[in-house]
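Have a look at the structure below, then the notes.
The values are calculated or read from the model by the stated rules, or taken from the named source; none is laboratory data. These numbers come from a predicted model, not from an experiment. FYI the Cβ positions are ideal-geometry reconstructions off the backbone, even for glycines, and counts take in every protein chain you see.
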């Protein structure tokens, strides 16, 4: 059964969720896991793509967008809409909705920003998973 982890940032900055997603993706990559980062749209995917190159000094997370020809070989794939080809081990969700394909993954990392709007959407996702019996963990993180 898919394990669901909620990573909650106390930071209210606009890019807090994206930065937290980068940290989670980096850690998963360092642990040799394959990752799919699910976002709301193309613009958000491109912003995260750029941020993954610069979010931390001396960090390297090989990644690409899901429509890139090299996506089959990338450790971290960023996409939106439909599920990616293949099934990476970890799904990092920055979208405000539960991806319909989440149960294909061993683990789901739900990224929650400090803003009350993001927290409310996260509560709805938490309730969705809990009602279906998925194991849930919550991690409150500082900046």
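Of note, residue 14 satisfies the criterion of being free of Cβ contacts under 8 Å to residues at least 12 places away in the same chain, closer than 20 Å to residue 112 by Cα and either out of contact with any helix residue (DSSP H, G or I) (no Cβ under 8 Å at 6 or more places or on another chain) or in a loop (DSSP other than H, G, I, E, B) (or both). Within region 57-82, restricting attention to residues that are assigned to a loop (DSSP other than H, G, I, E, B) and touching a helix residue (DSSP H, G or I) at 6+ places or on another chain (Cβ under 7 Å), the residue that is nearest to residue 99 (Cα to Cα) is 75. Taking (1) closer than 22 Å to residue 119 by Cα; (2) surrounded by fewer than 20 Cβ atoms within 10 Å (Cβ to Cβ); (3) without any contact (Cβ under 8 Å) to a residue 60 or more places away in the chain; (4) touching a strand residue (DSSP E or B) at 6+ places or on another chain (Cβ under 6 Å) in turn, residue 107 satisfies each apart from (3). The residues in region 25-39 that are under 11 Å from residue 61 (Cα atoms) and either under 9 Å from the mean Cα position of the chain (by Cα) or buried (at least 22 other Cβ atoms within 10 Å of the Cβ) (or both) can be counted, and the count is 3.
Taken together, 98, 37 contain a single residue that is more than 19 Å from residue 16 (Cα to Cα), at pLDDT 95 or above, touching a helix residue (DSSP H, G or I) at 6+ places or on another chain (Cβ under 7 Å) and not in a helix (DSSP H, G or I), which is 98.
Residue by residue, here is whether (1) closer than 26 Å to residue 135 by Cβ; (2) at pLDDT 95 or above; (3) out of contact with any helix residue (DSSP H, G or I) (no Cβ under 6 Å at 6 or more places or on another chain); (4) not in a loop (DSSP other than H, G, I, E, B) holds:
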residue: 27; (1), (2), (3), (4): yes, yes, yes, yes
residue: 49; (1), (2), (3), (4): no, yes, yes, yes
residue: 87; (1), (2), (3), (4): yes, no, no, no
residue: 103; (1), (2), (3), (4): yes, yes, yes, yes
